[in-house]
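Remarks on the structure that follows.
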Amino acid sequence: PEFADENSPTKRVGGDITDKFQKYEHKFPMLSLSNTYSIEEIEEWEERVHKTLERKVEYTLELKYDGVAISITYENGKLTRAVTRGDGSVGEIVTTNVRTIRTIPLELRSGEYPSTFEIRGEIFLPLKAFQELNEERERQGEATYANPRNTASGTLKSKDSGDVAKRKLDCFLYGIYEDNKRFSSHFEAVETSKKWGFKTPETKLNYFQKASSIDEIKDFIEYWSIERNNLPFEIDGIVIKVNDYNDQEILGMTAKSPR
């Protein structure tokens, strides 16, 4: 027992039982995103950004995965804590369950990563895994699940980590949070974290791109309004961000979301 390691590969199969998930206050609040359903509002937003910054602005475009937001802490390259979003200020610790998700590294590859940092992303249930799960439930005479998102959410809060391991949850990670900011942009942070061993959105699959004009933003929206039907997972929109972190700080935040 003295040689037991919390990040041993044996943790992938689960088996630990949790009676109650502890609350945890986020060091960096997990804010909401501003929503829009019209191109006109996006154009107005871009005009406000240009008016505030008074210079050319670069954006990042990415998919909005329909799953469960997660924040994972790594210390000295090892996964130490995973916390749900909760209300944005306080979430619940689900580390034992998250350790069973095979696309989330228990230990990082060698690299110049911070000694302590958080990485955030979305845990989801791929469509194939969701279909297989429902087929199995039908064979056993059990009620089928309504949709992948709610199934992923319920699975992540399962008391038996062995059940979580069987569900084949997946995860994209795409946001680094630390005290000493080493990156100048969102795109740089995501691409660098990929080298550390994280599964991040793929640029070659057009999941994650840079843009420098409203026309490029429109092209991305139009492309995924059709191609979303061919994805192996569900999305509920796309996310547009100002890429440069200094620009993000200048733009600031509303009470609930970044500008």
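Between GLU191 and GLU227, the simple spin-label model (points 7 angstrom out along Cα→Cβ) gives 1.8 nm. Taking chymotrypsin sites (Phe, Trp or Tyr not before Pro) as exposed when their DSSP state is a loop state and no more than 13 other Cβ atoms lie within 10 Å, the longest site-free interval of the chain runs over 38-259.
Within segment 94-142, the trypsin sites (Lys or Arg not before Pro) that combine a DSSP coil assignment with at most 13 other C-beta atoms in a 10 angstrom radius are ARG109. Report the residue, chosen from LYS199, LYS27, LYS241, that carries the largest GNM mean-square fluctuation when the chain is represented by alpha-carbon nodes joined by springs under 10 Å. Checking each option, the largest mean-square fluctuation is seen for LYS27.
Stretch PHE3-LYS157 to full length: gain in nm at 0.36 nm per residue minus the Cα-Cα span?
52.6 nm
With a sphere of radius 10 Å drawn around the Cβ of SER71, what net charge do the other residues whose Cβ falls strictly inside it have (Lys, Arg +1; Asp, Glu -1)?
Numbers: positive: LYS27, ARG81, ARG85, ARG120; negative: GLU118.
It works out to a net charge of +3.
Three principal axis extents of segment 92-234 based on alpha-carbon atoms, in descending order, are 53, 40, 24 Å.
For the options THR52, THR192, THR80, a Gaussian network treatment of the chain with springs between C-alpha atoms closer than 10 Å singles out THR52 as fluctuating the most. Compute the angle between helix 186-195 and the longest alpha-carbon principal axis of the chain, please, reported from 0 to 90 degrees and rounded to the nearest 10. Long axis of 186-195 versus the principal axis of the chain: about 40 degrees. Using only the Cα atoms of segment 36-129, build the gyration tensor, take square roots of its eigenvalues as a ≥ b ≥ c, and label the shape rounded, prolate or oblate: rounded if a/c is under 1.5, else prolate if a/b is larger than b/c, else oblate. Here segment 36-129 falls in the prolate category. Counting only GluC sites (Glu not before Pro) that sit in a DSSP loop (anything but H, G, I, E, B) with at most 13 other Cβ atoms within 10 Å, what is the longest stretch of the chain containing none of them? So the longest stretch without any such site is 143-201.
Pull out the extension gain between GLU216 and GLU43, defined as 0.36 nm times the separation in residues minus the alpha carbon to alpha carbon distance; nm, one decimal. Spell out each step's value before the answer.
Values: separation 173, 0.36 × 173 = 62.28 nm, distance 1.20 nm.
That pair, GLU216 and GLU43, stretches by 61.1 nm at full extension.
Read-outs: derived from the displayed coordinates by stated rules, not from any lab. Everything numeric here is computed off the predicted structure, so don't read it as measured data. A quick note on method: Cβ atoms are made from the backbone with ideal geometry, for glycine too, and the neighbour counts reach across all protein chains shown.
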